1. Which pairs break 26 Å Cα to Cα here: LYS61/LYS133; LYS61/LYS99; LYS133/LYS186?
2. How large is Rg over Rh for segment 82-121, taking Rg from the Cα atoms and Rh as the Kirkwood inverse mean of 1/r across Cα pairs?
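Each value in this text was obtained by applying a stated rule to the coordinates, not by laboratory testing. Quick caveat: nothing in here was measured; it's all calculated off a predicted structure.
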Amino acid sequence: MKRIKSGLSVRTATLRPSPSLAYNGLTKMTPSARTLDAGLARAIELEAKPRRILAIDYGRKRIGLALSDELGLTAQPLATFLRTNRRNDLRRLREICRKHAVARILVGHPLHMTGESSPMAEEAALFAARLRKDLGIEVELVDERLTSWEAAQTMAEVKSSSRRKRAPIDDVAAAVLLRDYLEHKKQLARPGVPIAERTQS
């Protein structure tokens, strides 16, 4: 025990390095339990941070947008804009993602009712790949076979202004897509759902 001027005592001890990797005796090294715990804590921390999800109803003439809240609980129509060219479309989407702190983008994938691909579905997939490359944001294709129909039904039921009734429903379709996505994630997060099933969705 060593004393210092402040009257406090400091216990000296031999420092031993605590390896963060455990060698298994074969040809590779595996992370120790401590390293795994740190990685898990980091993943939980990132997952817990507020983030928004932007849903896109893709079309050749218009693009409908919907946005989640920061906790990913609700979906609201955001805007519908007319397409001009790819460069301007990407610029506008980049500004929207930056303004609303978007961490994930959903792009509606308009498959045939049989589940087969379509020319529009292929265009949407290419558009999603371009977003992922240019914006550097995680992009996911989501089946939207019923969203346009449900959006039309939703608008028919909503008592809104005559202007809204005549307006395009692309943003509402995007909101329906986003709402269904969030509900699906909530269902998977319930206790009793196998982890393998959660990771596959």
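1. Values: LYS61/LYS133 22 Å; LYS61/LYS99 24 Å; LYS133/LYS186 29 Å.
Long pairs (Cα-Cα over 26 Å): LYS133/LYS186.
2. Working: Rg = 13.8 Å, Rh = 12.3 Å.
Rg divided by Rh gives 1.12.
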